[in-house]
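Scroll down for the structure; my scribbles are underneath it.
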Amino acid sequence: MIFFKKLNNYEKSIFISTLFIIVFTSLNTGNLNFGNYSFLLVFVILSGMYFLAYRAINLISFSPVYFSSVFVLIYIQSTVYSSIPIYIFSLFVLILFLSILFLFKKTLAKSLISLLSFVIISYIFFSEDQLEIKESIKLFENPEGSLNFSYYTYSTGKDKYREEYKNPDFISYNLDASKILEPKWNQSKIKWRERYWGFSKENLPLNGRLWIPEGDQKFPIISIIHGNHSMQEHSDDGYNYLGEYLSKHGYIFNSLDQNFLNGSWTGDFRGKEMTTRAWHFLENLSYLKKLNSDSSSTLFNKIDFDNIIVMGHSRGGEAVNIATKFNELKTYPDNGNVLLDYNFSIKGIVTLAPTDYRYFRNYDLKNINYLSIQGSMDSDEDSFFGIRQANRIDNENSSYSDFNILVEGANHSQFNTSWGQHDFGFPGKLLVNNSNILPGWLQRKVLKKYVFSFLEYTLNGNPNSLEILKKSKNYTTQENISKKIISRSKVGGSKVLFDFEGDELSFNKNAKLEFSDISKIKLEKLKFRGGKNQQNSALKINVSDSSEFIIDILDETRVYYYNFLSFDVSNDQDTAKLEISFIDKNSKVIGSKKLKLFNTKIDLNNLKFNYLTEERFKKRNDINFSTYYVDLQNKDFKSILFKFNKGKYYLDNFSLNF
């Protein structure tokens, strides 16, 4: 107190401001994960820095409070608050300082103005309110299942932190990942990781959760891998709501624990663990297959291993794509001493906000159903990377399809109930525009709708589910506010007329394009916001009122064998329309179809200021496509005439579909 009384009003104000920042910062560093009391350690470190700076500067300066405060605040901004622009941090500290100073000076008017400014700025940056939406929205109502289910866990029984894995229903075993995990990764971090978990990379456990429907028959299995999150904030229980819901509908649900491969305050593996995630996942299926074959197990003959769906969130989404490829291989491609040889009957892949750039091998997949779901308000991943894997799937067989669903307003974390509502930790979360984010309950409701529809289509051939997956839609969240769900898909086997992936814009062995009165015709390689390659090209056109183009089919294709014409359009007008005419070999129009085109533009206001969004993501819009299907009704045509109304469009993937 004697120290404080000796200070003048300016020194008292900056001292209290600095102390406030130190305390506030300490209380919000739970993401560093030293433990439950990590805030005390941070407080001691920052306070100690202040004290040492004060003592050192006191020897050479008449005003150590100023210098030590500035020193500590600069350190805090450059470390903990590095994701916050320095001018925003400085403005916050300045207003806090002035508010306290005017209180000490007893200048009431200035003090009230400063305090009001402080409250307004604090409200802007600390508000976590998300969109208010009536829970009565009917569009995403899901049928309730009628089956009862049993819940089980399995582990090695040696987990240090989780009761469900200390006393599991089934005892599993460890895996030696030393030939998968590269030895040159930061060993100090691995050693710390080993001290925390109590095992090394030679002893990765098989831990997981199972929801098993009650009944005498076998049930298909859906197995999910979580993504990268703080390893101390366990992620595998974040999909319990899916397990409970899907098991009531006759699906076994399995959530796999890979928290020990996640990041921590010391850093993470920076994506170099992706193959380990994939391999560990396949080994998990091998373990479940052993339980299923064990006549003494309560799971004996419960799992239908002819019908497997693999599912992953974030890095887990990329991992299940990799695992699907590894499932076909005999040998691990990065170490020939590791044999694979799994050959599971994987019928479909579901990815939630997946990555697609962590592993340097971008695999092509073939003849498999695929669903990827992405939120437009995802602030963790730059964009819809699930589309890249969809572009690398070749479904020659008419039994397979892929669907890419963009949910306006959904973010990255709320598909997992354990991750909270924020995509960023403190302090980056202060910049996120929460008011534009759908509440978690609705995001999970949407997810259940589309995952269930995908399962019903993939495993049961349900045509109603197919229509749900194919259709883009607007829906109302509250008065005068609507949101979009944009679906891009490829259904069944097809004959590609134009996908614009080569260098030739208007001619290939199947068809040619003819243009009339179109001012701009350009083949464009597309990029996501953030700058990463979409691995997709499209045709960009500027259309006037009299513009048209024609697809002439060149080969001897018997078009009446096909059921639908499909194509993708990116359009940013609410009034856009398209008229399609089919022309026979005698140049006679034999049918036409008028379509109202879906506006696929979504303004991405992820951060509280648009310029911050543009600074973080490079741009505020992606090129989004909606897919259209036109019934051919057994027409025998040679050409297709397209007439768009005035505007700018991207076009892609003109195909004839079975």
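For (1) surrounded by fewer than 24 Cβ atoms within 10 Å (Cβ to Cβ); (2) small (G, A, S); (3) in the same structural domain as T79 (by TED's automatic domain parsing); (4) in a helix (DSSP H, G or I), each residue gets a yes or a no:
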| site | (1), (2), (3), (4) |
| --- | --- |
| F269 | yes, no, no, no |
| T276 | yes, no, no, yes |
| H280 | no, no, no, yes |
| Y287 | yes, no, no, yes |
| F300 | yes, no, no, no |
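Per-residue answers, yes or no, for (1) surrounded by 14 or more Cβ atoms within 10 Å (Cβ to Cβ); (2) under 30 Å from N8 (Cβ atoms); (3) touching a strand residue (DSSP E or B) at 6+ places or on another chain (Cβ under 6 Å):
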position	(1), (2), (3)
L108	no, yes, no
L112	no, yes, no
F126	no, no, no
D129	no, no, no
N148	no, no, no
Y154	yes, no, yes
Which one of I74, I180, I133 is exposed (fewer than 15 other Cβ atoms within 10 Å of the Cβ) and of a type outside the set (D, E)? I74
Out of G312, G316, report the one residue that is more than 26 Å from L147 (Cα to Cα) and touching a helix residue (DSSP H, G or I) at 6+ places or on another chain (Cβ under 9 Å). G316
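Just to confirm my filter: which strands (runs of 3 or more DSSP E) fall fully inside region 529-619 and include at least 1 residues that are touching a strand residue (DSSP E or B) at 6+ places or on another chain (Cβ under 7 Å) and touching a residue at least 60 places away in the same chain (Cβ under 8 Å)? Let's see the steps before the verdict.
Details: elements: 533-553, 564-571, 577-583, 589-596.
Correct list: 533-553, 564-571, 577-583.
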How many residues does region 262-286 hold that are over 15 Å from V310 (Cα atoms) and out of contact with any His (no Cβ under 6 Å at 6 or more places or on another chain)? 14
Residue that is touching a residue at least 60 places away in the same chain (Cβ under 8 Å) and under 24 Å from K160 (Cβ atoms), where the choices are H226, H249: H226
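Please go through region 477-523 and pick out each residue that is touching a strand residue (DSSP E or B) at 6+ places or on another chain (Cβ under 9 Å), of a type in the set (S, T, N, Q) and either in contact (Cβ under 8 Å) with a residue 60 or more places away in the chain or surrounded by 15 or more Cβ atoms within 10 Å (Cβ to Cβ) (or both). Spell out the reasoning first.
Keep residues of region 477-523 that are touching a strand residue (DSSP E or B) at 6+ places or on another chain (Cβ under 9 Å), which gives 477, 482-508, 510-523.
Of the ones still in play, those that are also of a type in the set (S, T, N, Q) are 477, 482, 487, 489, 494, 506, 508, 510, 516, 519.
Selection gives T477, S487, S489, S494, S506, N508, N510.
I'd like the residue in region 25-61 that is among the aromatic types (F, W, Y) and surrounded by 14 or more Cβ atoms within 10 Å (Cβ to Cβ) and, out of all such residues, is modelled with the lowest pLDDT. Full working, then the answer.
To start, the set of residues in region 25-61 that are among the aromatic types (F, W, Y) comprises 34, 37, 39, 43, 50-51, 54.
Keeping just the survivors that are surrounded by 14 or more Cβ atoms within 10 Å (Cβ to Cβ) gives 34, 39, 43, 50, 54.
Numbers: F34: 49, F39: 68, F43: 77, Y50: 75, Y54: 73.
Here the residue is F34.
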Starting from residues that are in a helix (DSSP H, G or I) and in contact (Cβ under 8 Å) with a residue 24 or more places away in the chain, keep the ones in region 156-177 and report whichever is surrounded by the fewest Cβ atoms within 10 Å (Cβ to Cβ). E164
If you scan region 1-24, which residues turn out to be among the aliphatic types (A, V, I, L, M) and either under 18 Å from I95 (Cβ atoms) or modelled with pLDDT under 70 (or both)? M1, I2, I14, I16, L19, I21, I22, V23
Which residues, taken from region 447-464, are surrounded by fewer than 19 Cβ atoms within 10 Å (Cβ to Cβ), assigned to a helix (DSSP H, G or I) and polar (S, T, N, Q)? N460, N464
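Residue by residue, here is whether (1) closer than 24 Å to F515 by Cβ; (2) surrounded by fewer than 16 Cβ atoms within 10 Å (Cβ to Cβ) holds:
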| position | (1), (2) |
| --- | --- |
| S546 | yes, yes |
| F549 | yes, no |
| L554 | yes, yes |
| D572 | yes, no |
| A576 | yes, no |
| E579 | yes, yes |
| K618 | no, yes |
| N621 | no, yes |
| V630 | yes, no |
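The values are calculated or read from the model by the stated rules, or taken from the named source; none is laboratory data. Every value quoted in this text rests on a predicted model; they were computed, and no experiment measured them. Methodologically, a virtual Cβ is constructed for each residue, glycine included, from the backbone with ideal geometry; neighbour enumeration extends over all protein chains shown.
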